[in-house]
Amino acid sequence: MEPGVRIWWPLISDIELIVVARQTHNMVVQSLMTADGKEIVVGGVVIYKINDVVQAIGKNNWQPSDTVNDITQAAIVDVVTRWKLADLLEHVSNDVEKELTLRCRKKLRQYGIYVVRAALTDLSTCRQLNHSGINITVGS
């Protein structure tokens, strides 16, 4: 809405509350492959806050939490699959986290969302089994 006088009529008006304070969103675990062909499962967390409510729920976005989830999941894939497993394990708490945070921050800025931190919370090797066309991920 542009600044100005608004009329609120309780019978037909609806108020939407949008939390702008710091929020945390845990990502579901994904099965990925590292740059050296190792199968892994990774999960992550993103800590963010909404800087611009108009952008967060404007014409380009409907649900900020879904947008955060989608973009962060894609960023985890982009970042993790470029690392070799040994390097990923060695740098997970500094270089990987920094790269992931910057990537999420850049992508979510256009939606009025500021990413405070994005990091991996789960990381393990795994095996993919295919039985009768059904993929099964088994953690190591």
With respect to Lys98, determine if the residue is more than 13 Å from the chain's Cα centre (by Cα), assigned to a helix (DSSP H, G or I) and among the charged types (D, E, K, R). yes
Checking the structure you have, find out if any residue of the range 99-115 is modelled with pLDDT of 95 or more, farther than 21 Å from Gly37 by Cβ and hydroxyl-bearing (Ser, Thr, Tyr). yes
Applying the selection to the range 69-82, what residues are closer than 11 Å to Leu32 by Cα, assigned to a helix (DSSP H, G or I) and touching a residue at least 40 places away in the same chain (Cβ under 8 Å)? Ile76, Val77, Val80
Of the residues in the range 101-127, those that are in a helix (DSSP H, G or I) and not charged (D, E, K, R) number 6
Taking the residues in the range 19-54 that are over 21 Å from Thr125 (Cβ atoms) and either among the basic types (Lys, Arg) or loosely packed, with under 10 Cβ neighbours inside 10 Å (or both) as candidates, determine which candidate is nearest to the chain's Cα centre (by Cα). Lys49
Give the range 47-63 a look and list any residue that's out of contact with any strand residue (DSSP E or B) (no Cβ under 7 Å at 6 or more places or on another chain) and of a type in the set (Gly, Ala, Ser), or say none. Gly58
By residue number, the members of the range 1-54 that are basic (Lys, Arg) and touching a residue at least 24 places away in the same chain (Cβ under 8 Å) are Arg22, Lys38, Lys49
Within the range 55-68, is there a residue that is in contact with a helix residue (DSSP H, G or I) (Cβ under 8 Å, 6 or more places away or on another chain), in a loop (DSSP other than H, G, I, E, B), in contact (Cβ under 8 Å) with a residue 40 or more places away in the chain and surrounded by 15 or more Cβ atoms within 10 Å (Cβ to Cβ)? yes
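The values are calculated or read from the model by the stated rules, or taken from the named source; none is laboratory data. The model shown is predicted, which means the values in this text are computed figures rather than measured ones. So basically every Cβ, Gly included, is an ideal-geometry build from the backbone, and we count neighbours across all protein chains shown.
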